[in-house]
Amino acid sequence: MHKLFALVIVALILAAVHGRKYSGNMLNRALGMQRSELRASATVRSGNFTQRVDHFNLASTETWQQRYFIDDSNYVPRGPVFFVIGGEGPASSYYCSGTAAAFYAQKYKGIVVALEHRYYGASMPRKDLSTENLKFLSTEQALADIAVFRDFIATQYNTTRFITFGGSYAGNLAAYARIRFPHLFMAAIASSAPVRAKVNFF
């Protein structure tokens with residue numbers, strides 16, 4: 001709905017800039033763009049992946065379900081995977097249908113997959129946000145989530161070419177994943193990423 005509203009506003013601005021009366025054709029084109037995107041997102045599926053709550057305590061067997069979205073409709077065997085990393089908010093099918101990663105997946109016959117960040121959206125390792133539970137909300141744990149999920153996708157699709165995508169904090173994670181796991185990720189697109197880590201990263 002927000003995207004539709006934005007498209008209508010753009011159509012009105014264009015009409016004003018060009019000194020013409022508002023044209024119903026502009027709205028129709030905006031609506032057509034919206035319908036086209038909805039058709040594209042119909043190929044996106046969601047799922048849940050079993051992750052460890054604490055990747056660094058081998059004695060702990062506690063797990064949780066991390067939500068992900070995937071579109072493999074353009075995939076040809078051994079094609080690349082464009083891995084969109086979730087940040088400080090819920091993920092959605094839009095991550096796989098309305099981002100640059102989706103464009104590249106179409107162009108290069110690859111997969112686009114998005115992983116929701118732990119403790120956001122439906123991806124809750126623990127049932128509440130107590131201090132005791134939030135100790136598992138860290139960049140280190142998030143990077144481990146990314147690496148483990150990457151191996152799951154690599155096995156499912158028999159491919160090893162992964163490129164991370166992210167913006168802002170998620171852009172940090174995209175870059176960090178490439179640096180920390182260069183054998184797992186061949187490149188990273190870190191958009192507007194303040195990559196110098198902060199202690200209080202609000």
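Observations on the structure shown:
- Hits in region 166-202 - residues which are assigned to a strand (DSSP E or B) and either more than 19 Å from the chain's Cα centre (by Cα) or aromatic (Phe, Trp, Tyr) (or both): none
- Residue satisfying condition, being open to solvent by less than 40 Å² (accessible area, probe 1.4 Å) and more than 20 Å from Arg78 (Cβ to Cβ), within set Ala154, Ala177: Ala177
- Filter result for Leu134 (free of Cβ contacts under 8 Å to residues at least 60 places away in the same chain, closer than 23 Å to Thr63 by Cβ and of a type outside the set (Ser, Thr, Tyr)): yes
The values are calculated or read from the model by the stated rules, or taken from the named source; none is laboratory data. Nothing here was measured: the structure is a model prediction, and the numbers come from that model. Here the Cβ is made from the backbone with ideal geometry for all residues, glycine too, and neighbour counts use every protein chain on show. All accessible areas refer to the heavy atoms of the entire protein, side chains included, with ligands and DNA or RNA removed. Shrake-Rupley method; radii C 1.70, N 1.55, O 1.52, S 1.80 Å.
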